[in-house]
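Just below is one structure, and these are the notes that go with it.
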Amino acid sequence: MSPTPRHVLLDLDGTLVDSLDGIHAACVVAAREIGREVPSRDLVRRSIGRGADRLLHRILARTDETMLDPAIHRRARDSFDREYRIACLAGTSLRDGVPESLAALRERGHRLWIATNKPRPPALKVVERLGLDGMVDGLHCPEDAGVLKPDPRFVRTVSGLDHPGGGGAVMVGDSSVDAETAENAGIPFIAVRGGYDEGRDIGRRVPRPDVVIESPRDLPKAMAGLGADPNEEDAVP
């Protein structure tokens, strides 16, 4: 009997999909709600990477403010959430090589999970619209985990990971939050360049990721390089 396939935990925004347009649209609405300057696409791109709350503080706080006043932030966040439920599909597309890479990993026996801090309603809309629901084994959101990444419980609550013989896991992502999630859970991290990490190059992060790839297209090769072939018993950490 062959070993249980290894789980691959895949971040969504910036890793599997380019979702800047929808996020920017929601940021514009949030800015107008609290009377702040409308942020540019470039500023929003350079500010994505550690969740919506951090994003809004970065793009909407004035130069004399370290952070937004809590009441103002709440208004901005409520406005952002309402708009993003509508705009989450705007311009959102799969990154190059995603369908081919996910198909190759499933053929090797891996189980694939989208592991995102995006709330379930917009995440599910994106996953279903782009056909990702047919490419992976499941979607894991904060509502499922009860925590946000980088809390290691986010990883441990993915179906099957705590089951005897469930196999090991690998985190694949584009940001320092994903890297910290892997570190906290004691699993390898594959960094995907070209996403969102508050304007930084995730490949230059310290400590360095286990593997750095330029595109999702490189994921099957990266997995093989980790020694994560599910047909090999020593592939489980």
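Taking region 45-77 as the range and being surrounded by 15 or more Cβ atoms within 10 Å (Cβ to Cβ) and of a type in the set (V, I, T) as the test, the residues that pass are I48, I59, I72.
Out of curiosity, is E65 assigned to a helix (DSSP H, G or I) and charged (D, E, K, R)? Break it down stepwise before answering.
Working: assigned to a helix (DSSP H, G or I): no; charged (D, E, K, R): yes.
No.
Look at region 54-73: where a residue is touching a residue at least 12 places away in the same chain (Cβ under 8 Å) and a partner is among the small types (G, A, S) and assigned to a loop (DSSP other than H, G, I, E, B), sitting 6+ places away or on another chain with Cβ atoms under 6 Å, you get L68/A61. For E37, the conditions (1) over 16 Å from the mean Cα position of the chain (by Cα); (2) of a type in the set (D, E, K, R); (3) crowded, with 17+ Cβ neighbours inside 10 Å; (4) not in a helix (DSSP H, G or I) are fulfilled apart from (3).
Applying the condition of being of a type in the set (D, E) and in contact with a helix residue (DSSP H, G or I) (Cβ under 9 Å, 6 or more places away or on another chain) to region 61-104 and asking which residue is modelled with the lowest pLDDT yields E65.
The values are calculated or read from the model by the stated rules, or taken from the named source; none is laboratory data. No experiment lies behind these values; they were computed from the predicted model shown. Because the Cβ atoms are built from the backbone with ideal geometry, glycine has one as well, and the counts that use them run over all protein chains shown.
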